[in-house]
Amino acid sequence: MQRAVIRDKRFRATAVKQNNLCVTAGRAQTQPAFQNKKQGEKTMKKRNRLLALGLALALAAGTTAAQFTTVSAEQPSAYAAGFANPGSEIKPKLRYWWPGAYVMENPDELVREIRSMAEAGYGGFEIADVWDSISNEDSHALDPEIYGYGTEKWNAAVKLALQTAKECGLKVDLTIGPHWPAVSNRITPNDEGAAKELAYGTAILEPGETIDGIVNEILAPKSVTSSAMANGDAIENELIALQVVDLDEHSETVNETPWGTTVSTLDKVDFDSMEQITPLVDTATGTVTWTAPEDGGQKLVVATYQRGTGQRNNMLYNNNEKEDVMSPDAYVVDHLDEQGAQLVIDFWEDTLLDDEIIQLLADVGGAIFEDSLELRTVGYWTPDMLSEFESRMGYDLTPYLPYVLGVNGANTVKASSSSIQITSDTEETSIVARVRADFQSVMDDLYLENHIQKLTDWAHSHGLEYRAQAYGLGIDSAKAGAIADIIEGESLAFGDDGLDAFRYLAAGRDMGGNTVMSDEAGAYFGGAYSTTWKQLLSTLNKNYAAGVNQMVIHGYAYAYAPGAQWPGFAAFSPGFGGRGFAEAWGDRQPTWDNMADISSYIARTQYVLQTGANKVDIAIYESERNAQEHLQNYTDPSLGQAGYTYQFFTDGLFELDSASVSGGVLNADGPAYKAMVVRDEDCITLDVANKLVEYAKAGLPIVVIGDAPSRTVTNPVTSAATAQELYAAYEQDNAKLQTVISELLSLPNVKQIADTAELPATLRGMQVTPAANYAAASNIMSVHRADTDADYYFLYNNSDTDESLTVTLTGSGIPYELDPWTGEIAPIATYQTDGSAVTLTLDITAEDTRIIGIAQGDHFGCQPEGEHVVSTTADAVVYQNGKLVVQASQPGSYETTLSDGTVVTTEVKGAGVSLDLTNLPWHLSLESWTAGDNAKTDVRDMKKTVFEQELDSLVPWTSLEAFRAVSGIGTYTTSFTLDSWDTSQSAELSLQDVCDTVHLTVNGTEIGVNQFTGKADIAKALRSGENEIIVKVASTLNNMINNSEFVDYYTTMPEQSYGVNGLATLTTCQQAALFSEQQESSSSESSQSQPSSSDSGQPSSSDGQSQGEDNPVTGTAGMAGIAFVALLTGASLAVISRRRNKQ
């Protein structure tokens, strides 16, 4: 049995939304006066006597009445107004999938779709030429000379989209090319600027055996990305080096994969026997002759080649049957050489950016976006690698080429990943490990300098930003995040538990002084037309908690394309033998009907998360720096459960100008890390080690977990002509490192512990406390942002159970709750403060969020004055109409302690009520969405049929056999009568387990509903007499597709239960003013305008009241479904007594 009071501790730690608002999203209304007709004049006389008694007691006590001044909804504070209605640059975006310039076959549809985005509350879109789901056969209708990227039709489509966006007030991002990675149709794989790879061929010679012939034939590459170009032309192999070495051991492993059988080899060789025989190759004929010595053992001959990868965009991987997206065929550019980026830039300048588009981009342009860095290669390479390597690392790479084969990601850098290894050395001391690490470091620098930085600078030249998904290639993802204007992650590749990947990217954003980290969000394998918004919102909330603050919903698809079937084209659906992945959002989906509620929540959340600077408690040093290859990096939950936030700090971030310590924190104007953790690192660069010493001496606490680093990596040498000289330099670096590490560990603010379990306690012992300091271990994740006006906290419950959290939040001033579902901001009445932090108790539903702001003055639109509440034995004390109000579900005597130590006793004479609306008669108007009669020829033909059904109780419509397969919009309506209604009541409607989205209207007033909890404050909309509630639920298309002629095209997914699956409950709570008007007037003369800087009271639980009996619900009347409820509120005003606690 539910209690009459809403047990969510919001009623302890926030204000009930009844004219207590700093600002609303245009929905605040004056609450109807409550007149208790049943008690009449007798009740009024009793009320007056109680009021007089309360006044006498209050005036005798002479205390300060708490109240607040408000900024009107018509002229709210700038911040409050922005939160209620964020601008287009803050709102979520949509990835807008086009089947090339085919969108110009129906330009009216293009315009209609863009307008629908604006109407649904989105702030912009990203144009993406992506059409994986189109079959090979159907793709030939997309002639790339007509519909390809960069054609006349393409440019016309882009102009129309930009013009329509301008009319609708939307922002537009443009992808850097069709699909991904970045490509050019001005090159072949053999040309400069095309992506290159390092390939190799080997031969084993017995003593006295001769190798003789054309090197490229007798030592052909063992493995390549593409055997030929798309048209069948050969990809040339350019010999870099030919070497021979003593072979100690050869082994082969057969690997069975879904794609066939592969054979991997491992050759162990004698390092000192390496011999260069490249000069023996005839440069004119490419031939070589060499004989192994008679008196030796086996020899391994290694030919190393540079060749084009031949990679096309990923849609065409291993598929030459599908039409290309450009004409002539486009190939991936070299991402390590600036010529690759220049090819992309030149194409844009020559083909895409005419004067009209340039002007439109100046009006509505957002960013140039580069999608996934999915480079396919057997070994990363660029033609200038040898010269770049020597200039950066100080030695020639050529003698070591056999040892850097197969480096194609961060996880392949270790010597153990090499196919050619040294027999005598271990991985810990191997020179191969050093060379491979140096190679990876140079490759990283080349990508960041020649690709990321070059494209960022070019975007800026057109007044645009550069947004990139920079986490393939094994590069330093954090440093990329510092260079690019907007770094982006993705929910699909990172997965549900890949939050650490976002923490890499967020560190780069914050250290680079950027504001936004975006998220390609909403793609789930097999989820097309069955993804619920609760599922997606859960993903968004979790990613917000890891640092994301801009969502690009994946995605929205243009309706028409060759071969597309109802309900329209989608980029990835069908696919992969089923539904594919990623929804095609838009008005083809019933849920779109409620989209404004969802998009408003996202926009308001992002408004807060883009305010000020992101503040992070701990920087965890991480030498392995690629985000995607470390999705779950820090697996001990105790650090987060103690309230600490953390990011991963990579080598590249130490190089930034912002990477300095002042006032004992790292980058005070940015994330302001309070400590750095070095965890289980056996290798570290000398530069990083010296930086750690510098930081510690400047006052930054440092914790070393496990053994301290003992080996150096990627440290440039002065010269190393031979392997012995390189090894000697390596050993000298290791000795230097030992000296630096010894100095580090000797410093007083550096601690070394055994494992991560000790870290939270160690940090507290070093006086490093989290900004969100939990009273007990919690699964709540927090984000802390701050500017000169306020501190802002985003709190997310990362669990499947509800949680009550007592937390101390750093910040000076008064706490406020910011409700992203309604746009309302309200001051919190009950809290403790010491002047630098506030302590609150908050209830957070599973996967739900709370947003708290702390500020002085009227930054949030209102400013409470006088004393605040520290604790209460009532269910809550809140602000209502600018005054403190006691809330209680049961009659009784309640004590409230104010921040000056005063104790106020309030007698509440009435009881709240918990009314189960589930079993009332409801009317269901069900709009069924099915394919129209012309759906075979027009994929947008949607037939909508309305069914009317009377219900004895509230049930999901899919529980009714006639509607089991119906997808669409169900509108539930019921009515009930309140004998009388007054401001002495609060009221919350709870709708349990709704599928999918829900929109609520009470007595004609639309009210925001938390889509996770299904709860809404409806007190303002209720009235005496008859009340009407309309619950509109919009579903996915899943059930309809499962039972339609299109099931073979899309396949079947599990049925979903649409509608309201749980209880519908109206819960009210009695409210009594803590102070009378006369008392406030009298005491305000001596009151202070600001609350005390510290509190003398102690918090107490508000759960102490016992459950009362249910109030009766009398009768229902026929089809109208009228319920009569007597709410006994005639004695709800309080008898107030006061005393002051002894100090």
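The values are calculated or read from the model by the stated rules, or taken from the named source; none is laboratory data. These numbers were taken from a predicted model, which means no experiment stands behind them. Cβ sites come from the backbone with ideal geometry, for glycine too, and all protein chains shown count toward neighbours.
Those residues that are of a type in the set (S, T, N, Q) and assigned to a strand (DSSP E or B), I need them from the stretch 746-777; list them, please. Don't jump to the end; show me each part of the working.
As a first pass, look at the stretch 746-777 and keep what is of a type in the set (S, T, N, Q): 746, 749, 752, 756, 762, 767, 769, 773.
Once the filter is applied, which keeps residues that are of a type in the set (S, T, N, Q) and assigned to a strand (DSSP E or B), the stretch 746-777 yields Q752, N773.
E197 meets the conditions (1) modelled with pLDDT under 95; (2) closer than 30 Å to D248 by Cα in every case but one. The failed one is (1).
Just name the residue that is surrounded by the most Cβ atoms within 10 Å (Cβ to Cβ) out of those in the stretch 432-476 that are hydroxyl-bearing (S, T, Y) and under 24 Å from T175 (Cα atoms). Full working, then the answer.
Start the filter on the stretch 432-476 by keeping residues that are hydroxyl-bearing (S, T, Y), which leaves 441, 447, 456, 461, 466, 471.
With under 24 Å from T175 (Cα atoms) added as a condition, the list becomes 447, 456, 461, 466, 471.
Numbers: Y447: 27, T456: 19, S461: 9, Y466: 23, Y471: 31.
Looking at the filtered set, the residue picked out is Y471.
Of the residues V407, V442, V413, only one is modelled with pLDDT of 90 or more, under 33 Å from the mean Cα position of the chain (by Cα) and either within 24 Å of H335 (Cβ to Cβ) or not aromatic (F, W, Y) (or both); which? Steps first, answer last, please.
Numbers: V407 fails: modelled with pLDDT of 90 or more; V413 fails: modelled with pLDDT of 90 or more.
Selected residue: V442, the only one of V407, V442, V413 that is modelled with pLDDT of 90 or more, under 33 Å from the mean Cα position of the chain (by Cα) and either within 24 Å of H335 (Cβ to Cβ) or not aromatic (F, W, Y) (or both).
Is it the case that A80 is at pLDDT 95 or above, more than 30 Å from D938 (Cα to Cα), surrounded by 23 or more Cβ atoms within 10 Å (Cβ to Cβ) and small (G, A, S)? Judged against the criteria, A80 is a match. Within the stretch 715-728, not a single residue is buried (at least 19 other Cβ atoms within 10 Å of the Cβ) and touching a strand residue (DSSP E or B) at 6+ places or on another chain (Cβ under 7 Å).
Spot the failing condition for N594; the list is (1) under 26 Å from L795 (Cα atoms); (2) assigned by TED's automatic domain parsing to the domain that holds A708, and only one is missed. Just one mismatch for N594, condition (2).
In the stretch 1004-1047, the qualifying residues are those that are over 22 Å from A1064 (Cβ atoms) and in contact with a strand residue (DSSP E or B) (Cβ under 8 Å, 6 or more places away or on another chain), and the one that is surrounded by the fewest Cβ atoms within 10 Å (Cβ to Cβ) is E1045.
Filtering the stretch 542-585 to residues that are modelled with pLDDT of 95 or more, closer than 23 Å to D497 by Cβ and of a type in the set (A, V, I, L, M, F, W, C) leaves A545, A546, V548, M551, V552, I553.
Of the residues making up the stretch 571-586, those that are touching a strand residue (DSSP E or B) at 6+ places or on another chain (Cβ under 9 Å), assigned to a loop (DSSP other than H, G, I, E, B) and under 15 Å from A557 (Cα atoms) number 8.
From the list E725, E694, E731, E624, which residue is under 32 Å from the mean Cα position of the chain (by Cα) and either over 30 Å from S491 (Cβ atoms) or not polar (S, T, N, Q) (or both)? Lay out the reasoning, then the answer.
On the way: E725 fails: under 32 Å from the mean Cα position of the chain (by Cα); E694 fails: under 32 Å from the mean Cα position of the chain (by Cα); E731 fails: under 32 Å from the mean Cα position of the chain (by Cα).
Just a single option satisfies the conditions, and that option is E624.
Just the residues that are farther than 22 Å from S135 by Cα and assigned to a helix (DSSP H, G or I), please, taken from the stretch 313-344.
Of the stretch 313-344, the ones farther than 22 Å from S135 by Cα are 332-344.
Within the stretch 313-344, E338, Q339, G340, A341, Q342, L343, V344 qualify.
Restricting attention to the stretch 944-983, the residues that are part of a loop (DSSP other than H, G, I, E, B) and either among the polar types (S, T, N, Q) or in contact with a His (Cβ under 6 Å, 6 or more places away or on another chain) (or both) add up to 4. Where strands (runs of 3 or more DSSP E) sit wholly within the stretch 845-943, those with at least 2 residues that are of a type in the set (G, A, S) and at pLDDT 90 or above occupy 849-855, 892-898, 922-931. Can you find, within the stretch 610-655, the residue that is surrounded by the fewest Cβ atoms within 10 Å (Cβ to Cβ) among those that are in contact with a Pro (Cβ under 9 Å, 6 or more places away or on another chain) and in a strand (DSSP E or B)? Step by step, filter the stretch 610-655, then rank; the result is A613.
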